[in-house]
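Structure, as structure tokens:
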Amino acid sequence: MKPLLFKSKYKHQPKNFHAQQGITAVDLVIVLAVAAVIIAGIGLTAKALFSDAKINADANDLQYIMTKYPQTFAAAPDTLAATAQNVNLSGIAPTSWTLNGAGPASSLSMKIGRNLSVAPATITGAAANGISFNVSAGMSANECNAFVSQLMNISSAVVVGAGPNAVGNPAPVTNTPAGTAIKGTDGTTSAAAMTAQCANTATNQIVFYMPKG
């Protein structure tokens, strides 16, 4: 009598069935590509955050200067002109800003790389009854929009870029490059004009006007 043979339904597996196959060249390329994308994303995010921090810091410092300096200028003798040099001498400019030049031609270099110049200006009525704070052109659209948006409310008028003086402005401000009034002396504002003028980095200088005293 032949012995009974039981056939397994499971096929014999090779000894190396459970062996690790290892990382192939294709796997390595995929891993490196994913890592590169992640690192690049982190780098761009960090750069954007750092840039935004500089913009906010400069805008806050300029807001402080625009609020404080007209009071100093109003109390000073008429012979003391409103200049970036005198803003610096008054002690209200941040120490991180660098003074360039002297007198009416002086300016202060901001963290974002733009220069601030200051001069007496006529807003309405009597001559030189205000001060202009001029931020030089060359800002990114983001920087320009951020500055105007933050400082528009405290300003008597705001002019950006080149072109005819638009937006209701019955008494045009003086001592400024020709530009579009983003905020006229009558209080009229234009968000569309701000976007359009800020987008042109070659001519997007900003002039903020504050009353003297």
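No lab work stands behind these numbers, since they all come straight from the coordinates. Not measured: the values here are computed from a predicted model. Methodologically, a virtual Cβ is constructed for each residue, glycine included, from the backbone with ideal geometry; neighbour enumeration extends over all protein chains shown.
Can you list residues whose amide H is under 5 Å from THR185's amide H, if they're 5+ apart or on another chain and H is modeled 1.01 Å from N?
ALA171
Suppose each label sits 7 Å from its Cα in the direction of the beta carbon; what would the THR188-THR24 distance come out to in nanometres?
It works out to 6.9 nm between the two label points.
Please list the non-local residues whose amide H lies under 5 Å from the amide H of ILE131, H modeled 1.01 Å from N, same-chain partners needing a gap of 5 or more.
HN-HN under 5 Å from ILE131: ALA121, MET210, LYS212.
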